[in-house]
Each structure stands twice: as C-alpha cells, then as structure tokens.
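Working notes, beginning with the structure itself.
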Amino acid sequence: MTNEVGERIRSAVARANRAGRPAIAAFLTAGFPSRGGFADLLESAVSEADLVEVGVPFSDPMADGLTIQRSSRTALEDGTTLPWILQTVADLPPMKSAAPVLLMSYLNPIMAHGFDRFAADAAQSNVTGLIVPDLPLEECVELRSVLDRAGIALVQLVTPATPPDRLERVCQASRGFVYAVTMKGTTGASVDADTVGDYLERVRKASPLPVLAGFGVRSASDVTTLGGFADGVIVGSALVEAIDRGEDPAAFVRGLRGEETAS
C-alpha cells in the first residue's frame, strides 16, 4: 500500500520530466480573494499546473510570509473553512489534464477535524496529498498511518539546515514527493537559485521520490535554474500576488514555463 500512496503525484511529476521540463506545483490560498470566485481559480490552476496545492487558511501561519498571511486572513474573514475547501475540491469538474490536488495545512485545523474524519473526507474529495509544515517527523507517525490507509500522501519538508542523517530519514518517510525548502525563514522572499544547487543535489541523492523546490520561486528564470537540480518547483507567494492583481492562474503557470509572459 505504501508504494501506491502518492502514485498520482509521482506520475504527474514524471510526465512533466519526460516532456523535458520541471514539474510546476501551483499554490493557491483557499477562499482568496473571495470564496465566490475561488472555484474558478482552482479550476484554472488544475487545468495547467502539474500539481496544485490548496492552502488551508490559518490564523497563525508561522511558515508563511506577508503575502500568504494576508491572503489567509482575507479568506478566514470571508468564512473559509476546511469542510468548505474539501467540498470545493470535490466539486471540481473532471478534466483529462487535471492536476492532482494536495492540501497544505497547519496541524491545528486537521486535529480539529479529527485525523480519521479528515482522511475519509479528503479521500472522498479526491485529495491526493497533504503537507503540514508544523508537523515534525517525530510526531507524524499517527497522521501518516491514517493517511496511508486512505491513500493520501503525507509530504515531508527538508531545509538547507537539515543534517545529513535526518535528511535521509525524512526523505524515506515522505510520500509523493519531498518538499525541499530553498531558504531559511518564511515564504515570499526571492530565492537565489544559483546558490542552492548543492543542497538540492544532496536532497535528490537522499530521496527515493521526486524532489520539488519551494519558497521564493517567482519567475521563469527561477524555474529553469532550479529545474536543473530538482524534479520540479512550487510557486506560492508569486501566484497569490498574481491572483490578487486579477491574473489567471493558468496563464501565470504558462508564463513560468516560458510559453507566454505572465503580466
């Protein structure tokens, strides 16, 4: 069963790599800029990105920079909840090229929902994976076991400060892919793509799964550079900012691939 968990995610990354490019995972804050318009934005993202991460708004998003903090606050003020997010994902129309959808959530909303109930509801909503930035490896066994049984991948994160022995253990424990945070601190800053190559190569050597680089990915140049060291990239704050400007997620993702300029 473990080998099957995350297979849709791994296959999506592999398809992008076979096409000669890094996979692009697009992050959207659920319910931003409004609950009423979010379903259309999500549908646009899944039509073009290789993976889509839907951020569950939280009142104390300690790993996120100002852009995602503000988007989370806006979404919470508009009444965005975890059950509403799951229903919105479940209501996505079937599309041949639809990207697998993962949720990115702090632990508190998952605990409030209940691990078993969350796993069942997420599986029913066709969620393929979960990223929990404040859940350390040593405390993830219970949630990972519940998600494994439901066929949902619990993705683990590593950073440039992760020691080699811990890096091995985290990579072995991950499902779907390994999330390689490219810098210390929070999301939103620009990544110096030329300086993270050694780190990403270390992660790839330790990981049996695809490695996606996240935090600070803002441009087609970042995607190209990081794609030389990782299997894919995750774009978050830059896409949230684009959505706030009224841009279309699908067009923005195409711009990151160099197919058209993201305005």
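Across the stretch 191-249, Cα-Cα distances exceeding 13 Å account for 60% of all pairs. Applying the Karplus relation 6.51 cos²θ - 1.76 cosθ + 1.60 with θ = phi - 60° to the stretch 133-138 yields 3J(HN,Hα) values of x, 9, 10, x, 3, 5 Hz, where x marks Gly and Pro. For a Förster distance of 35 Å, can you work out the FRET efficiency between the beta-carbons of residue 259 and residue 40, rounded to the nearest 0.05? Once rounded, the FRET efficiency stands at 0.95. For the chain, the solvent-accessible area of protein heavy atoms averages 42 Å² per residue (probe radius 1.4 Å; ligands and nucleic acids excluded).
Given a 1.4 Å probe and heavy atoms of the protein chains only, how would you sort 47, 125, 221, largest accessible area at the top?
Details: 47 45, 125 10, 221 75 Å².
Listed by decreasing accessible area, they come as 221, 47, 125.
The calculated Kirkwood hydrodynamic radius for the chain is 18.0 Å, given to one decimal from all distinct C-alpha pairs. Take the Cα of residue 111, step 7 Å toward its Cβ, do the same at residue 4, and the gap between the two points is 3.2 nm. Surface composition of the chain: carbon and sulfur atoms hold 48% of the protein heavy-atom accessible area at a 1.4 Å probe. Which residue fluctuates most in the GNM of the chain (Cα springs below 10 Å): 167, 212, 157? So, out of 167, 212, 157, the one fluctuating most is 167.
Here the relative contact order of the chain, from alpha carbon pairs under 8 Å that lie six or more residues apart, stands at 23 percent. Loop-resident trypsin sites (Lys or Arg not before Pro) (DSSP state other than H, G, I, E or B) in the stretch 100-188 with no more than 11 further Cβ atoms inside 10 Å of their Cβ: 184.
With no solvent and one equal point scatterer placed on each C-alpha of the stretch 54-169, evaluate the Debye formula and give log10 I(q)/I(0) for q = 0.16 Å⁻¹, two decimals. Treating every Cα as an identical point scatterer, log10 I(q)/I(0) equals -0.81.
The values are calculated or read from the model by the stated rules, or taken from the named source; none is laboratory data. Note that the coordinates shown come from a computational prediction; the quantities given were computed from them, not determined experimentally. Using ideal geometry, Cβ is built from the backbone for each residue, glycine included, and neighbour counts are taken over all protein chains shown. The area values use the complete protein model at the heavy-atom level, side chains included, leaving out ligands, DNA and RNA. Shrake-Rupley method; radii C 1.70, N 1.55, O 1.52, S 1.80 Å.
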